[in-house]
Every structure is written in structure tokens, then in C-alpha cells.
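Comments concern the structure below.
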Amino acid sequence: MNYFKVLSIAFCLVTSLVRIDAQTFKASVLTGLNAGQIDGDFEVGYNKLGLSAGIGIGVNIKPNMMISTEFLYSQRGSKNGLFRRDGVPNGSIRIDYISLPVVYKLYDWYQEDKEYYQVWIEGGIAPGRLITANITGSDQPELIEDFRTTDVSWLLGAGYHITENLFCSFRYTRSIAPFYVAENSGANDVQQFLSYFLTLRVGYQL
């Protein structure tokens, strides 16, 4: 998709500007854990755990406001339970994305002695590209052939600066459109898949 290539180029350009003005631009290294779920897979619970990792670049538009973009590797999907006691392998759907969230952050709780804001809330939009997909324990493994390779999600979250550089955050992300829609299916067959997930992560701001 053209918009994904444009955002990738824009991210690289913004990254190169960090060296020009370190007071305005902030770079971060990010890592964390996704807990995923899919509407339409006949399962409930945020049971699919996966990695979330990447880098981010933010620019302060006001002292307590920031626009940021991130380049993330994100493992999502669903699983029919975290643990099984009968020895039967868990069925699961795994969908791995490269994602480029664009996020607005509003900061508060300024620490005058340390000269930084300690908490923030955030919201944004996250286009992504499917890079790998896998289905296990299903009688319809052929569905994977019709998974959409592009995704656009919205997100909401909050964060806390442990120190000026070290922080943690929590985020909810949900796709705007399904990544799979059945063209012809029976009443007991899968109709569509819509992905959403929770993310808990830590980061280091350079």
C-alpha cells in the first residue's frame, strides 16, 4: 500500500532530525507484551501473548503535548486458553505485523525539581502490514489464504515516567476493519475476524 511506504519514509526522515534538535525531538526504544483476542473465532479472553518491540520518535508541539510515531514489530492473534491439562495442543491464530502508529500525547503532573512531566494519556491511529500468519488446531486452516495484508487500527493508552528516561505504558488497540471476511459460509462457519489487543510495555527515552 502506498500510504505504508509514505509513512515509512516519513519515519526515517523524522528519525534523522533527532540529531538536529534533541530538545524538540525525543527518540525511544520500546519493548513489551501484547495480549490478543479476535472477534469471530468463537473464543473469549486475552489469551494470545506476543511480543511488541520497536523504536519511537516524538516531537513536542507544546511543553505538555507531543506528536509521536513508532516503528513496531507486533505479534497479535487469539488462543483458546492459556493452559490445557489434557495434553491437547492449544488452537491459535497468530498474526504478526509491522505497525506505524501515529500518536498524540497529553502530559500532566509536572515535576519541578526534576523538570519533566510524569504521566500522560494518548490516542492515535496505527496502520500496519501483515508479515506472517499461522493457524493451528483448526479445521479451517485455508482461511489464512484470504487474510488481508493491511490493517488500520485506533488506540488509546496511558503512561508513567519512572525516571526522566525510563517509562512504562498501557495501551488498547483495535482494528477498524476485519482482517478476514467470508464470502460464502454456513451458519456454523467463521464469518469474519477482527483483531484487538492490550499492550503493556516499558521504554527508554534517549
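In the range 154-170, is there at least one residue being among the hydrophobic types (A, V, I, L, M, F, W, C) and not in a strand (DSSP E or B)? Checked against the condition, which is being among the hydrophobic types (A, V, I, L, M, F, W, C) and not in a strand (DSSP E or B), the range 154-170 yields at least one hit.
Conditions tested, residue by residue: (1) surrounded by fewer than 16 Cβ atoms within 10 Å (Cβ to Cβ); (2) among the small types (G, A, S); (3) more than 18 Å from G56 (Cβ to Cβ); (4) at pLDDT below 95.
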| position | (1), (2), (3), (4) |
| --- | --- |
| D151 | no, no, yes, no |
| G157 | no, yes, no, no |
| Y160 | yes, no, no, no |
| F170 | yes, no, no, no |
| D189 | yes, no, yes, yes |
| F193 | no, no, yes, yes |
| V202 | yes, no, no, no |
| Q205 | no, no, no, yes |
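Scanning the range 172-183 for residues that are surrounded by 14 or more Cβ atoms within 10 Å (Cβ to Cβ), of a type outside the set (S, T, Y) and more than 25 Å from G56 (Cα to Cα) yields P178, F179, V181, A182.
Applying the criterion of being surrounded by 13 or more Cβ atoms within 10 Å (Cβ to Cβ) and basic (K, R) to the residues of the range 111-149, the residue that is nearest to D41 (Cα to Cα) is R148. Picking from residues in the range 34-80 that are in contact with a Ser or Thr (Cβ under 7 Å, 6 or more places away or on another chain) and among the β-branched types (V, I, T), the one that is surrounded by the most Cβ atoms within 10 Å (Cβ to Cβ) is I38. The residue of the range 48-67 that is farthest from Y196 (Cα to Cα), among those that are in contact (Cβ under 8 Å) with a residue 40 or more places away in the chain and polar (S, T, N, Q), is N64.
Checking Y97 against (1) free of Cβ contacts under 8 Å to residues at least 12 places away in the same chain; (2) buried (at least 19 other Cβ atoms within 10 Å of the Cβ), which test does it fail? All conditions pass for Y97, except number (1). Residues in the range 78-85 include at least one that is over 28 Å from Y180 (Cα atoms) and either modelled with pLDDT under 85 or in contact with a strand residue (DSSP E or B) (Cβ under 8 Å, 6 or more places away or on another chain) (or both).
Among the conditions (1) among the aliphatic types (A, V, I, L, M); (2) modelled with pLDDT of 90 or more; (3) surrounded by fewer than 15 Cβ atoms within 10 Å (Cβ to Cβ), A22 misses just one, which is (2).
If you go through the range 134-151 and pick out every residue that is assigned to a strand (DSSP E or B) and free of Cβ contacts under 8 Å to residues at least 40 places away in the same chain, you end up with 0.
The values are calculated or read from the model by the stated rules, or taken from the named source; none is laboratory data. Everything numeric in this text was worked out from a predicted model, so none of it was measured. Heads up, the Cβs are rebuilt from the backbone with ideal geometry, glycines too, and the neighbour counts pull from every protein chain shown.
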